[in-house]
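Below you'll find the structure, written out as C-alpha cells, and then a few comments.
The values are calculated or read from the model by the stated rules, or taken from the named source; none is laboratory data. Not measured: the values here are computed from a predicted model. Here the Cβ positions follow ideal geometry from the backbone for every residue, glycine too, while neighbour counts run over all protein chains shown. Ligands, DNA and RNA are stripped out before the accessible areas are found, and what is left, the full protein with its side chains, is counted by its heavy atoms. Shrake-Rupley method; radii C 1.70, N 1.55, O 1.52, S 1.80 Å.
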Amino acid sequence: MTATFARRTLSTAIAGATAAAVGLGALSAQAAQTVNLGHTLSDSSHYSVGADAFKETLERLSGGEFEVVEHPSGALGGERAMIEGLQIGTVDVVITSTGPLGNFVPETYVLDLPFLFADYEQARCTLDGEVGQDLLDRMGEHDLVGLAWSENGFRHMTNGKRPVTSPSDAEGLKVRTMENKVHMAAFEQMGVHPTPMAFPEVFTALQQGTVDGQENPITVIVATKFWEVQDHLSLTGHVYSPAAVLGSPILLDGLSDEQRGWFEQAARASAEATREEVSRLEREGVALLREKGMTVKTDVDKAPFQEAVKPAYQIYTDQYGSEMLDRVRASDC
Ligand code: EAX
C-alpha cells in the first residue's frame, strides 16, 4: 500500500464517518416517532376534541419525541377492527366506545347494562374510581393497554318511522345496535329487532332502509348528521356509553416508564376535553337537532323501558357472574 493511497483511504473513511455522524445527529433531532390514533367519528366530534388534546399533550410532554397523526371517521376501520389493530400493533392508540370491547375484555360488559348509571356524575365518578381503574388494568390481560376512561354519552333512540315514547312504540322496529351482546339482549327484551353493525356502515344502512333506526348519544347524532336520514329522536337515555382511550402493547410495552407516563397523561387530558364537549352538547345539541328538522320527544317516561329491559341483567349475571355488578353498585358514587 502506498502512503498516498493510505492517506486517501483514511481521509475518505473520516469524511464518511463524519457524514454518518452528522446524518445520525440530524436524524435523532428530527425523527419523531409517529403515533397513529384512530376513532370512528367525524373531525368535528367530541372524539376529535379528545384526539386533539391527546396530540397536544403527548407532543408537548415528550418535547416532540412523539408525533400523533389522527385518523378520524373510521379511516382505520370500525371499532372492533381497530381494537384488533391495537393487539397486533397496526394501530397505536384508539378512542372507542365499549361497543365491541366486551368481545375482548368481558369484564367491561358490566358497563353496557341498560339504566346502570342514573346520570353523568355517577358514571364519571365510577369510572374515575377503583372499579374503573381495575377495568383499565384488566385490559392488560387481553393484549390491550387501558389508558383512560373517556366518554361517548347517554344513548337515545332515533328512527325514521314514528315517534317513540314507550316500548310498545318501539316494538317491531329494526334497530342497528353495536356489536355488543348485552345491548342486543336488552333490545330483544324491548321487542325491537337488534341488528349489530360496525359504526362506519350505519349512515348508509339508515339511508337505504336496511334498518329503521339506531341509538347513540346526542354527541354522535350531531357529529354524524343523522338528521339527514332519521326524523324521530326520543330521549330514552337507556344506557350510558363510556369511551376508552386504549393503547397498543406492541408500542407501549417497549417504552420507558417516563414515556408511558406521558401517554397516560395525554389520555387523561383527552378524556377531560371530551367530557367537557359531551356536557356542552348535552346543553346545546337538542336545540340544534330540532333546528335541523328532527322531532324530539323529551318527555319519555323511562320506567316502562327500564322494566322491559330488566331481564338483560339476569342474562348478564348468568353468563358473567355478579362480582363486577355488585362492585359498581357498592361504590360510593
Ligand atoms: O363510539 O358504534 C357506535 O354506535 C358508537 O357509539 C360510535 O362508534 C362512537
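Things worth noting here:
- Among residues of the stretch 81-102 that are closer than 19 Å to VAL49 by Cα, those with a beta-carbon under 8 Å from a residue that is charged (D, E, K, R) and surrounded by 19 or more Cβ atoms within 10 Å (Cβ to Cβ) at least six positions away or on a different chain give the pairs VAL94/GLU79; THR96/GLU79; SER97/GLU79; THR98/ASP112.
- Positions within the stretch 86-103 being surrounded by fewer than 23 Cβ atoms within 10 Å (Cβ to Cβ) and more than 15 Å from the ligand (Cβ to nearest atom), in sequence order: GLN87, ILE88, GLY89, THR90
- Answer residue from the stretch 64-81, given it is within 13 Å of the ligand (Cβ to nearest atom) and open to solvent by less than 30 Å² (accessible area, probe 1.4 Å) and is nearest to the chain's Cα centre (by Cα) among those: GLU79
- Leading residue by the ranking (farthest from VAL220 (Cα to Cα)) among those in the stretch 33-61 that are assigned to a strand (DSSP E or B) and of a type outside the set (A, V, I, L, M, F, W, C): GLN33
- Lone unmet requirement of (1) under 30 Å from ALA32 (Cβ atoms); (2) away from the ligand (no atom under 15 Å from the Cβ) for GLY129: (1)
- Checking the stretch 113-124 against the condition returns a match, with at least one residue being open to solvent by 10 Å² or more (accessible area, probe 1.4 Å) and in contact with an Asp or Glu (Cβ under 9 Å, 6 or more places away or on another chain).
- The stretch 169-180, subset of a type in the set (D, E, K, R) and under 25 Å from the mean Cα position of the chain (by Cα), residue farthest from the ligand (Cβ to nearest atom): LYS174
- Condition met for MET139 (open to solvent by less than 30 Å² (accessible area, probe 1.4 Å) and either within 16 Å of the ligand (Cβ to nearest atom) or at pLDDT below 95 (or both)): no
- Test: residue in the stretch 160-168 that is within 16 Å of the ligand (Cβ to nearest atom), in contact with a Leu (Cβ under 8 Å, 6 or more places away or on another chain) and either aliphatic (A, V, I, L, M) or under 23 Å from GLY78 (Cβ atoms) (or both): no
- So SER241, is it open to solvent by less than 10 Å² (accessible area, probe 1.4 Å), away from the ligand (no atom under 11 Å from the Cβ) and not in a loop (DSSP other than H, G, I, E, B): no
- Leading residue by the ranking (nearest to SER150 (Cα to Cα)) among those in the stretch 181-222 that are within 10 Å of the ligand (Cβ to nearest atom) and touching a Lys or Arg at 6+ places or on another chain (Cβ under 7 Å): PRO217
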